[in-house]
Structure formats: C-alpha cells, structure tokens
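Visitor: Handing you a structure now.
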C-alpha cells in the first residue's frame with residue numbers, strides 16, 4: 001500500500017492546509033495537563049504534520065507502514081534541516097519502542113485504515129503503553145456520514161506533470177468499508193507510459209465504537225470534538241477529533 005502513491009501523495013493532497021492542521025494539534029496540546037515536549041506520531045505519511053510540529057520545537061518520533069512514504073518524509077526533513085525527528089517503519093496496531101512520550105498522535109484519518117475493532121483496540125493499547133502518565137492520545141477519524149454523503153462513489157482525475165491518476169471510490173456499506181482504487185500512468189522518457197494500480201481501504205467507526213475500545217484499554221477523560229474546533233462532535237459530522245488521557 002502507498003508504494004506508488006508516495007511519489008505523488010503531496011501533489012494529490014496539496015489542498016490540505018497542513019500548517020493549519022498542525023496549529024490545531026498544538027492548540028489541543030495546550031489543553032493537556034502535561035506539558036507536551038515529546039510526540040509519537042503514527043501514520044506519518046510523507047511527514048507534513050511531522051515536520052510542522054518539529055519546526056514548532058517538539059521532539060518527534062514518526063512511524064509509518066510504508067517504506068516509500070518514510071523515504072519521502074525523511075528527505076523532506078533533511079531539506080528543512082530538522083534534527084529533532086526520528087522515523088521508524090512499523091505498524092500502528094502493534095508498535096513497540098523502549099521509550100515513552102508526552103503525546104501520541106495520528107492525523108489525516110490514518111486510524112480509518114485499521115480493519116476492525118480488534119485492530120483499533122490494539123492501536124489504543126500500543127498508544128497507552130507508549131504514553132507517560134497524564135500523556136494524551138490524539139487522533140481524528142472520518143465518520144460514516146462523510147463516506148455516505150461526501151466521499152460516496154465519486155471518481156477523480158489528476159493530470160500531473162509526468163503522472164496521470166484515476167481515483168475511484170467504491171463503498172461497501174455492508175462491510176463498513178470504503179475502497180479507494182487508484183490507477184497511475186507514469187510517463188517514460190520515450191513518451192510511453194507504465195501503468196500501476198493500488199487499492200486502499202478505509203473502515204468506518206462510530207464515537208460509540210471508539211469510546212468502548214478506549215475504555216477497555218484504560219483511557220480516561222475522553223473528548224470528541226467536531227474537527228478543527230472545541231465543540232462537541234457527533235457521528236453526523238464529517239470528521240471527529242478524539243482526545244484521551246492516560247492516568
């Protein structure tokens with residue numbers, strides 16, 4: 001997953017304001033009982049949030065399942081001269097490290113890639129074990145409402161400099177899943193094209209699902225915000241921001 005996608009990810013996602021997203025994460029940090037200095041990020045992708053938070057002075061440890069994504073992220077950090085980031089190849093649902101952190105985060109609906117409640121709860125357990133006392137877990141999820149009303153079965157065409165991409169959404173509401181079928185046509189120097197295909201799958205979780213799993217692990221003081229705000233979120237919104245505390 002993401003091997004071909006990594007090379008064009010930033011171009012396809014250029015409408016996302018990562019600076020604004022990072023500012024929101026930092027505002028959430030300011031509400032924590034614990035001062036946030038060290039952060040473990042799961043699903044860091046090409047490192048956009050990672051680098052923004054590192055530029056704010058946070059010591060970042062960033063994890064992703066895709067080696068190709070991590071390569072892009074590492075190159076980006078090098079270009080920016082950032083020395084306060086460590087990158088690791090790993091799975092967010094069973095990651096282990098001999099270190100604890102003030103905060104664990106996962107941004108840009110990475111949690112929606114976890115395939116079932118067992119994997120979701122395993123991710124919460126990994127996060128819990130990586131946190132200091134009074135540390136916080138912070139992540140966002142797309143809601144069922146967003147998949148049904150916004151993402152739906154749309155198809156998108158991206159015509160980039162040397163790559164042509166067709167992105168097709170294929171919902172499966174019986175399995176609470178959304179398939180993203182991507183076809184890339186990469187231009188060669190002789191004018192011919194190589195074709196690559198990738199399929200990614202996201203899964204739907206309700207606030208009730210998330211709350212039950214967090215409670216099972218031992219998290220406390222859970223909050224569910226409408227993303228980008230400090231207002232109470234709901235399953236009827238499009239994206240929920242979740243915060244949970246380890247006590």
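The values are calculated or read from the model by the stated rules, or taken from the named source; none is laboratory data. Remember, it's a predicted structure, so these values are computed and weren't measured experimentally. Please note: Cβ atoms are built from the backbone with ideal geometry, for glycine as well, and neighbour counts cover all protein chains shown.
Visitor: Is it the case that some residue within segment 109-127 is touching a strand residue (DSSP E or B) at 6+ places or on another chain (Cβ under 8 Å), at pLDDT 95 or above and more than 28 Å from residue 179 (Cβ to Cβ)?
Guide: Within segment 109-127 (the criterion being touching a strand residue (DSSP E or B) at 6+ places or on another chain (Cβ under 8 Å), at pLDDT 95 or above and more than 28 Å from residue 179 (Cβ to Cβ)), the answer is no, since none of the residues qualifies.
Visitor: Would you point out which residue out of 68, 119, 54, 73 is touching a residue at least 24 places away in the same chain (Cβ under 8 Å) and surrounded by 23 or more Cβ atoms within 10 Å (Cβ to Cβ)?
Guide: 73
Visitor: Same structure again: Of all residues in segment 201-227, which are surrounded by 15 or more Cβ atoms within 10 Å (Cβ to Cβ) and part of a strand (DSSP E or B)?
Guide: 201, 202, 203, 222, 223, 224, 225, 226
Visitor: Given the condition modelled with pLDDT under 95, in contact with a strand residue (DSSP E or B) (Cβ under 9 Å, 6 or more places away or on another chain), surrounded by fewer than 16 Cβ atoms within 10 Å (Cβ to Cβ) and closer than 28 Å to residue 125 by Cα, answer yes or no: does some residue in segment 148-164 qualify?
Guide: There is no residue in segment 148-164 that is modelled with pLDDT under 95, in contact with a strand residue (DSSP E or B) (Cβ under 9 Å, 6 or more places away or on another chain), surrounded by fewer than 16 Cβ atoms within 10 Å (Cβ to Cβ) and closer than 28 Å to residue 125 by Cα.
Visitor: Can you confirm whether segment 93-106 contains a residue that is closer than 17 Å to residue 206 by Cα and more than 13 Å from the chain's Cα centre (by Cα)?
Guide: There is no residue in segment 93-106 that is closer than 17 Å to residue 206 by Cα and more than 13 Å from the chain's Cα centre (by Cα).
Visitor: Further question: Here are some conditions: (1) under 25 Å from residue 33 (Cα atoms); (2) surrounded by 14 or more Cβ atoms within 10 Å (Cβ to Cβ); (3) touching a strand residue (DSSP E or B) at 6+ places or on another chain (Cβ under 6 Å). Residue 134 meets all but one. Which one does it not meet?
Guide: (3)
Visitor: Still on this model: Residues that are farther than 17 Å from residue 205 by Cβ and without any contact (Cβ under 8 Å) to a residue 40 or more places away in the chain: which strands (runs of 3 or more DSSP E) entirely in segment 126-187 hold 2 or more of them?
Guide: Result: 155-159, 163-172, 177-187.
Matching residues to (1) touching a helix residue (DSSP H, G or I) at 6+ places or on another chain (Cβ under 8 Å); (2) on the phi > 0 side of the Ramachandran plot:
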{"position": "109", "(1), (2)": "no, yes"}
{"position": "123", "(1), (2)": "yes, no"}
{"position": "129", "(1), (2)": "no, no"}
{"position": "148", "(1), (2)": "no, no"}
{"position": "155", "(1), (2)": "no, no"}
{"position": "158", "(1), (2)": "yes, no"}
